[in-house]
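Scroll down for the structure; my scribbles are underneath it.
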Amino acid sequence: MGRALEAIRLSRYRDKEDPTTSPVRQLATTGQWIASHNHESVGKAEDLDESAYKKSPFARPQLGDWLTYRKLNSISSCGQALTVQSGE
């Protein structure tokens, strides 16, 4: 079984009511992806007011914490679901 981190954010270029960027919709989509790939969720990184265009994933508060301080050494992505392996 794999492990996945759910990374959620809103685009600054779309209306916050747009269903394609809704945090609820993104969580549902990542949950479906995780279940369909027989993974377990290890957590959520919600950076709702951070621009993915202007900031790297490492510079975003919650996602950067997962990537930097939790010492994840293997990450691959599918949409907003990140599969991870811990260095522990």
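The values are calculated or read from the model by the stated rules, or taken from the named source; none is laboratory data. As the structure is a prediction and not an experimental result, all values here were calculated from the model. Every residue, glycine among them, receives a Cβ derived from its backbone with ideal geometry; neighbour counts consider all protein chains shown.
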Does segment 28-42 hold any residues that are modelled with pLDDT of 85 or more and either outside any strand (DSSP E or B) or loosely packed, with under 15 Cβ neighbours inside 10 Å (or both), and which are they? ALA28, THR29, THR30, GLY31, GLN32, TRP33, ILE34, ALA35, SER36, HIS37, ASN38
Only one of ARG25, ARG3, ARG12 is assigned to a helix (DSSP H, G or I) and at pLDDT below 85, namely ARG25
Return the residue satisfying two criteria in turn: it lies in segment 43-58 and is exposed (fewer than 14 other Cβ atoms within 10 Å of the Cβ) and more than 22 Å from THR29 (Cα to Cα), and of such residues it is modelled with the lowest pLDDT. LYS54
